[in-house]
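Colleague: Quick one: the structure is below, questions incoming.
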Amino acid sequence: MSSKTVENLVEKLSCDFVLADPSEPESLSSLLPILKQIHTYFIKANLKDNAKEIITAKKLIDEILSSNPESAEKSMNSLGEWISGFSSSMTEFSSQEETIEKTTDSETYQIEALLHKFTRLIGHFCPGEIPDLGAMLNVLEELRDASEQNEFALFRNVVLGCRKYVENMTLENIHNTVPIEQGVTLLKSVLEHLKKGKTFDFDYSDVMQMLDPGVTEDAPPIAPYPKEKQPKKIETPVESQEEGRKIAEDDMPILIDFVAEAQENLENIEINLIDLEQDPSNMDIINNIFRPFHTIKGVSGFLSLNKINTLAHTTENLLDSARSGDFLIDDAATDAILESVDTLKILLARTKEGTQRGFLLPEDDIDVDTLRGKLKTLQFAMQRGEKPPLGEILLEKGDITKETLDTALEIQKERPDKKIGEILIQENKAGPKQVAAALMDQKQVKKTTDTQVKVSTQKLDDLVDYAGELVIAQSMLRQQTASDPSLSQSVTQLGQIVTNMQSIAMSMRMIPIKSTFMKMIRLVRDLSRKSGKEVQLNMIGEETEIDRNVVDALYEPMVHMIRNSVDHGIESKQDRLETGKSPEGQITICAYHKGGSIVIEIEDDGKGLDKDNILKKATDTGLVSENEQLTDAQIYDLIMQPGFSTAKTITDVSGRGVGMDVVKDGIEKFRGHLNIESQKGAGTKFTISLPLTLAIIDGMLVEVEKERYVIPTTAIQKAFKPEKKDCFTIEGKGEMVKDRGDLIPVIRLNEIYNNGSRDKFIWDNLVVVVESNDVKKALLIDELLGKDEYVIKNLGGSLEDVEGLAGGAILADGRVGLILDIHGIFEIAAS
């Protein structure tokens, strides 16, 4: 809050006091929030005397509100005199502060104006235009002179570097302006530190190297203003150890954008690191990891985020060495980079919390120096090593033997001009194709990708919604023009265009599930090390595309299930060897499309689920009765009950009886289902089935007592009209219908939602056999009206929690049909 803002508040305080009705003292209560804001400003500005004055005013208002009319009138006069005097003192205070600001600005005004002019010249630069370069040199000369007058050592160094680069642009016909753009960013950051009276101690050697490789990297740090020139600032009192430097209003939007972009960059870095493990020599992947670190380093330096800047810079140096071909990224380097990513995430989270409070929070508890030392040591050690030569590549591929390679190396010592590949071919120890293939392994063909743009997810969601509305409107139009052949043909053509447009809109929301799968590799890697088990994660179908909202729904359930697989499913190395298994446990995640659903399978080759143990625990806790007969699927479903766990020991990974119920709820929230298959001693398979998209559903429209419902086609097994001889009523189980020798329970939809009667006989109606979690039931309906695609609409707050309903859909005739949640219908019927 600035003094100008406080001045406005004081003006509002005076106006509200004048407008207050003396006969109604309660009207003065509106002054209290204004006084509170002003008091907060004075406290933070360490102006204790001014803050005490605000307390005086508050006491006067309290007296007015609590006293009789006669006393209130006297206090009102006192309050009026106080407000008048306070307004005058604040005007003088603002004038003094403005004078201080103008005096301070005069020191840097000229430099700021010149920097602004230089920035505009860079933006308008046309390659080959000598006058443009001449104008840049003139401005840089002025900046040099201004910085000499103020004795800005570092600032002057950067200006000289920029001038050197612009001179090279003139002499060598260089058109690349990126180095001087980086130089301007650095100059602005240095100037901001000068204005705040702080020493600029960030590593800026990379910018100086870009501008002029001849400039020394060890330029002196910029000192703050001399004490006699220090701008007079209102010091912020240390009210709490949790509050640090106040974030300037101009910096706040930049800081918020930086945190959001940096967090996204770190997510991409993790994914690319997993790819790099599979292909350590791929320069494209290394560059994709290097660039985000470089961006984070640059912006964090500008924003004075010291720890983020230094850690990102050290990690960037390690990657730059790998990018230069000094070494290949191995497991040790990957671990160190991932550790850096984790630490940066913590620092960014602290910064994000600071933006919400308005103050940068202290980071003293976050140690980056130890990690930076580790990264530097690792970089030095790896630089001393050598890249795997061609002979080792051939040896790893099995094309040559160790003895052959040793012999070829001895020959090379005698003839150093010969390359190892030539020697192997001449000695007939390797074929030309084998050597060529090994050479190709050192080079990667750059993949061409389509140009992409970032689009707000809200805009995508709106586009899909409008496409859905267009489908509804087209369906209505088709029904209204069915009797007119000429119009009907045009509407059919329109329908094809609408369908294609809808498909494109839907595909824009679809993303490969690979990013989620890659995060699981990191998770398995960490969990296996923590548990001391050897676990390998295999991926199948990672290019399968899925709605981005469904991806978000999948992440947490997958994390829980993989944690359980590593902790409970996969045995220790010794136990696996004793049972004849390989020492390394295998977890396989597979994704594929099936009908209108995306299916995710998570399978391990561990010890499997113990049905008897699960059933005993459920019986002991009262979840099931001793005489109850359950199928295997129903027994396995018991582990998804809240608080249910058969773990004998609790670890920091799992075993507390929480997790699987969260998994179930999370999946069902998105109209999905979870199925469990297991064999004791052989492993467990979790199958998640979710709709491909949350916006559109394939469904069968049915009618029940003039009400229309949509049944998802993925749940429908068959529909038929039963004969009287196949309809039964069984005591304790209700109405049943017989189909191919199986008795299927009947659910009357009219009883669930319409409070209907049982006047209708089953054999006089149709039944639709539906399935959920391997359980079949028959829905009694009046009529089947047809199959179609339906745009799912939210039912709104009042109907959102109605069990058995997944949403609503606008039908072709404009009426609303309710989309049934089959699993919810089954639960209603069971209760």
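The values are calculated or read from the model by the stated rules, or taken from the named source; none is laboratory data. Remember, it's a predicted structure, so these values are computed and weren't measured experimentally. All Cβ positions, even for glycine, are placed from backbone atoms using ideal geometry, and neighbour counts span all protein chains on display. Heavy atoms of the whole protein, side chains included, go into the accessibility calculation; ligands, DNA and RNA do not. Shrake-Rupley method; radii C 1.70, N 1.55, O 1.52, S 1.80 Å.
Colleague: Going by amide H atoms built from the backbone, whose H comes under 5 Å of the H on Ile747, apart from near neighbours?
Modeller: Excluding prolines and chain starts, which carry no amide H, the hits are Ala778, Leu779, Leu780.
Colleague: Evaluate the distance, in nm, between pseudo-label points positioned 7 Å from the Cα of Lys721 and of Lys733 along their respective Cα→Cβ axes.
Modeller: Placing both labels 7 Å beyond Cα along the Cβ direction yields 2.7 nm.
Colleague: Residues of region 719-747 with the amide nitrogen closer than 11 Å to a label point 7 Å from the Cα of Phe761, along Cα-to-Cβ, please.
Modeller: Answer for region 719-747: 723-727.
Colleague: Full extension from Ile256 to Asn794: what is 0.36 nm times the residue separation minus their Cα-Cα distance, to one decimal in nm?
Modeller: Contour length minus Cα-Cα distance gives 190.5 nm.
Colleague: Here's another thing I want to ask about it. Applying the Karplus parametrisation 6.51 cos²θ - 1.76 cosθ + 1.60 with θ = phi - 60° to the phi angles of region 546-561, what ³J(HN,Hα) value in whole Hz is obtained for each residue in order, glycine and proline being reported as x?
Modeller: 8, 4, 4, 5, 5, 4, 4, 6, 7, 4, 5, x, 5, 4, 4, 5
Colleague: So if each residue of separation counts as 0.36 nm, and I subtract the Cα-Cα distance between Leu494 and Ile55, what length gain in nm does that give?
Modeller: Taking 0.36 nm per residue and subtracting the Cα distance, the gain is 150.9 nm.
Colleague: For the pairs Lys117/Lys188; Lys617/Lys776; Lys664/Lys718; Lys36/Lys59; Lys297/Lys459, note any where the Cα-Cα span goes beyond 20 Å.
Modeller: Listed pairs above 20 Å: Lys617/Lys776; Lys664/Lys718; Lys297/Lys459.
Colleague: Same structure again: Report, by chain and number, residues whose modeled amide H sits under 5 Å from the one on Met700, excluding near sequence neighbours (fewer than 5 apart, same chain).
Modeller: Ile711, Thr713
Colleague: Here's another thing I want to ask about it. Kindly report the accessible area of region 323-429 per residue (heavy atoms of protein chains, probe 1.4 Å, no ligands, DNA or RNA), in Å².
Modeller: 59 Å²
Colleague: What percentage of the solvent-accessible surface of region 655-753, computed with a 1.4 Å probe over protein heavy atoms, is contributed by carbon and sulfur atoms?
Modeller: 47 percent
Colleague: Given a 1.4 Å probe and every protein chain left where it sits, what share in percent of the accessible area of region 472-523 is carbon and sulfur?
Modeller: 59 percent
Colleague: Another question, if that's okay. Would you mind pulling out the separation of the Cα centroids of region 564-597 and region 187-202, in Å?
Modeller: 55 Å
Colleague: Counting only heavy atoms of protein chains, what accessible area per residue, in Å², does region 459-611 have with a probe of 1.4 Å?
Modeller: Using a 1.4 Å probe on heavy atoms only, each residue of region 459-611 averages 50 Å².
Colleague: Quick one: compute a quarter of the convex hull surface over the Cα atoms of region 490-570 and quote it in nm².
Modeller: 6.4 nm²
Colleague: Which of the three applies to region 254-411, rounded, prolate or oblate, going by the alpha-carbon gyration tensor with a ≥ b ≥ c and a/c under 1.5 meaning rounded?
Modeller: Verdict is prolate for region 254-411.
Colleague: Given a 1.4 angstrom probe, what's the average accessible area per residue across region 142-188, in square angstrom?
Modeller: With all protein chains present, region 142-188 gives 46 Å² per residue.
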